[in-house]
1. Could you give me the ³J(HN,Hα) list for region B:150-161, computed from phi with Karplus coefficients 6.51, -1.76, 1.60 and θ = phi - 60°, whole Hz, x at Gly and Pro?
2. Would you kindly give the portion of the calculated P(r) for region B:163-317 that falls above 26 Å, as a percent of all Cα pairs?
3. Taking only Cα atoms, what is the 0 to 90° angle, nearest 10, from helix A:179-189's long axis to the longest principal axis of chain A?
4. Work out, in µm²/s and without decimals, the Stokes-Einstein translational diffusion coefficient of region C:105-177 at 10 °C, 1.306 mPa s, Rh from Kirkwood over C-alpha pairs.
5. Computed over the Cα atoms of region B:1-56, what is the ratio Rg over Rh, Rh following Kirkwood?
6. Go ahead and set up a Gaussian network model of chain B, Cα springs under 10 Å, then flag whichever of B:27, B:98, B:63 fluctuates most.
7. Please get the size of the charge dipole for region B:4-239, origin at its Cα centre, with Cβ charges of +1 on Lys and Arg and -1 on Asp and Glu, quoted in debye to the nearest 20.
8. Using the 2.2 N^0.38 Å rule of thumb for compact globular proteins, work out how region B:4-239 stacks up: its C-alpha Rg over that value, please.
Amino acid sequence: MSAAKIEVLLQTLISGLLLGGLYALIGLGMTIIMGVMKIINLAHGELMMVGMYVAYLLFAWAHIDPYLSILVAVPLLFFLGVALQKYLVNPVLKVDAILPENQVILTVGIGMVLANLATIIFKSDYRTTPVDYATKAWYLTDLWKDSPIELSLSFPWTVSFLFAVGITAALWFFLSRTDMGKSIRATAQDKDAAMLMGVNVERMRVFTFGLGSALVGAAGCLFLPIYYLYPDVGGQFTLTGFVITILGGLGSTVGAIIGGLILGVFESLTATYVGMGWAPVGRFVVFMLVLVFVPGGVASLLRRRRFGK
Amino acid sequence: MTYRKPLLILALLAVLPLIRAVPGVNANYWLHNFILVVMWTIIGMSWNLLSGYCGQVSFGHAAFFGIGAYTSGLLYVKFGLSAWWGMLASIPVVGAAALLIGFVCLRLRGPFFALATIAVGVILRIVAENLTGFTGGDMGIMIRERTWVEKTWYYYIILALAAGTFWFVDRIIASKLGYYFVAIREDQDAAESLGIDTTRYKTIALVLSAVLCGFAGAFYTNYMGYIDPKVVFALHDISVMAIMVVMVGGVATRWGPVLGAVIMILMAEIIRTIPKVGTAHHTLFGVLLIVVIIFLPNGVVGDAAKLRRLLRPGRSA
Amino acid sequence: MSALLEVKGVSRFFGGLAALTDVDFTVGKGEVLGLIGPNGAGKTTMFNVVNGFYAPSRGEVVFKGERISGLKPYQICGRGLARTFQVVKPLQRMTTLDNVVCSAFLRAPNRAAAVANAEEILKFTNLWDVRDTVSKRLPLGLRKRLEIARALATEPDMLLLDEACAGLNPSELEESIGIIRRIKERGITIMIIEHHMKVIMSISDRIVVLTYGQKLADGSPAEISANPEVIKAYLGEGDD
């Protein structure tokens with residue numbers, strides 16, 4: 001392999017990992033909701049879109065940095081999620097319908113409304129957020145003059161990635177170390193047992209939906225400096241989110257993180273070696289392969305290894 | 001089942017083109033809407049067969065609609081055949097595609113099947129957009145020689161197709177297949193242990209449903225004269241619309257798709273024509289969907305008694 | 001008596017846990033075999049292995065001389081082995097009659113034949129009066145009986161009854177016992193899981209006792225109730 005080829009490959013892998021870290025955050029929100037509620041939230045990407053517009057407006061009006069907007073978007077999205085769960089999803093859980101997929105269809109309806117409201121308010125224009133560090137990057141040749149290959153690390157991508165890692169770590173701490181987090185995990189594992197242990201399952205559901213929404217709202221803020229914003233931007237992230245959820249193995253948080261990374265790298269490789277337009281196909285090819293060959297996702301592979309020991 | 005009511009309704013629908021004779025009415029405009037309603041009835045019945053009766057909720061009926069549409073379009077562009085041949089050719093093409101899709105997706109149960117079908121719909125759209133050499137990509141396909149300028153014949157063709165579909169679904173539901181489909185929806189484990197090869201019958205439901213939806217797609221190419229990937233493989237405007245037509249009308253009911261198509265298409269048209277409100281049509285659809293799911297989970301037909309109860313106090317007040 | 005069903009050295013593991021270990025027994029043609037044991041002894045797992053929901057981790061199940069382990073549940077049902085579920089699984093939105101018609105389609109050449117067969121079975125199981133009731137509105141006792149009716153409609157040679165009498169009131173219990181006896185008179189072999197000692201002792205020809213996934217004893221009701229090990233492991237701490 002020539003140096004140029006290696007350069008392209010390494011650069012592709014780097015962007016893939018950075019993208020994957022952000023994907024993982026999107027996937028985590030959906031995975032947590034999936035774990036506790038046993039439903040796939042198909043309005044997930046639209047909630048992220050809301051987070052993006054919040055950060056965008058703060059930037060446009062007060063020139064607040066998108067990374068700082070996380071502090072606003074997270075509580076806002078949390079309450080939006082809580083409200084959606086309390087007033088829309090919960091009532092549907094109690095309705096006796098022929099198709100239990102009603103709940104999933106409901107979230108599609110919610111997503112449609114959110115995306116369309118955004119179109120009405122903001123028009124269908126593509127917007128970018130001109131942060132002054134948008135094109136800043138670190139180069140390998142700056143560090144190592146004689147490097148045979150050139151690699152770059154985009155500043156906003158790297159910062160977003162680090163934020164995603166930080167938030168993921170905080171989430172892990174919350175789920176494994178706090179009482180609330182433990183109750184959530186108990187509810188996800190066995191609702192009835194958790195109820196017997198005195199966990200208020202209803203409250204956990206509401207809280208979890210809020211938490212999942214807050215996570216994806218944060219992801220929205222992180223995507224803003226590096227991505228276009230338009231009202232329908234959420235749809236593709238909804239799809240990304242559920243692909244990761246399946247890839248990770250339904251409700252497994254570690255699985256979702258690994259799944260996000262795999263997907264990011266895979267999409268990046270497809271975009272480089274097959275063509276930009278094909279990247280989304282790569283996403284679904286991974287999805288289909290997982291469905292057919294590893295129905296339990298990454299989590300089942302991890303579990304198998306543990307039993308092997 | 002008795003066919004008196006369906007035949008009566010068919011007779012009524014058959015005289016609708018007489019609207020031309022009414023002075024002061026834009027007959028073409030109305031016929032266009034009638035055609036869309038009838039076409040959506042077919043798509044609704046197709047979705048109802050797989051998802052309503054057999055319980056395999058599809059979020060990807062655009063895949064079958066689009067394959068049907070492209071079969072027609074490609075026959076015309078690549079082989080110079082009349083796009084009408086697409087109606088016939090779509091049967092094996094859509095059927096084969098459904099077999100393949102079913103082989104992968106039907107391993108999954110419940111919401112995961114639904115997710116897989118979304119993926120299928122999106123994959124096909126992206127493939128159609130990117131295989132520019134084969135499909136013409138985003139440029140779409142234009143049928144230059146239109147069979148009729150006037151809409152009456154299109155109306156009768158789609159009406160005949162809808163009547164056939166109605167009869168066909170009716171027969172299926174009353175047969176062993178219908179019983180097996182509902183058994184699978186109600187409890188897959190029970191069905192399996194009662195001797196039903198659930199994979200096989202789910203595949204049958206999928207293929208039948210797909211072929212019916214593919215017909216509608218092939219017709220669409222002929223009628224509209226233009227297709228592109230964003231339109232025929234649309235997630236919201238085809239796949240979700242199919243769900244809405246049946247959810248609003250009534251899941252697993254005979255008349256649900258018909259009523260649902262009437263309500264949805266007319267509503268879409270009314271919303272579209274009101275200035276300013278037009279852009280909000282997805283919001284209104286979404287709200288309608290949410291309201292139906294919460295308050296009328298069995299649709300207008302399934303919850304007819306409930307609806308009547310709700311409306312009565314309103315009338316007396 | 002020739003063996004209709006042979007369970008040969010069947011083990012079933014879940015993860016690292018053994019739900020069944022090396023279980024052997026046979027069921028003779030025309031026999032009623034009671035399968036008893038404390039909760040968690042592996043009775044329902046045994047049914048799931050026999051019926052094809054689980055493949056055995058080791059060993060095999062032979063029915064009518066043919067190895068059926070590894071086949072799918074519908075294939076096993078098609079070979080003449082039907083079951084009921086402990087947690088009833090009626091086709092909720094179908095009427096009682098349609099539930100049974102659905103099963104009858106397995107053997108019936110057409111709808112008329114399926115309906116005729118189903119009607120006969122509804123009369124046989126005393127469900128005729130509720131034939132037009134949507135099955136989710138049936139009381140538990142009748143839903144339990146509907147399970148039996150549905151299984152019978154597949155015209156089995158052998159029937160697995162998983163706690164078909166649990167939760168019934170005394171009069172329903174009498175009725176169900178009567179029905180099970182009449183099923184036996186039709187020449188259908190029965191394997192039954194039951195907690196009611198009275199039921200199991202009165203209808204079983206032979207009893208197999210499972211504890212912790214292993215076979216503890218195998219014999220006539222009289223032998224079983226006199227077996228000190230069984231008394232210690234099961235009857236002694238029994239809750240009935």
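Derivation of every value follows stated rules applied to the coordinates shown; laboratory data play no part. Just so it is clear, the model here is predicted, and its values are computed rather than measured. Glycine gets a Cβ as well: all are built from the backbone with ideal geometry, and neighbour counts include every protein chain shown.
1. For region B:150-161, the Karplus-derived couplings read 7, 8, 4, 5, 4, 4, 5, 5, 5, 5, 4, 4 Hz, x marking Gly and Pro.
2. Roughly 40 percent, once rounded to a whole number.
3. So the inclination is approximately 80 degrees.
4. It comes out at roughly 122 µm²/s.
5. For region B:1-56, the value is 1.13.
6. B:27
7. Dipole of region B:4-239, to the nearest 20 debye: 360 debye.
8. 1.05
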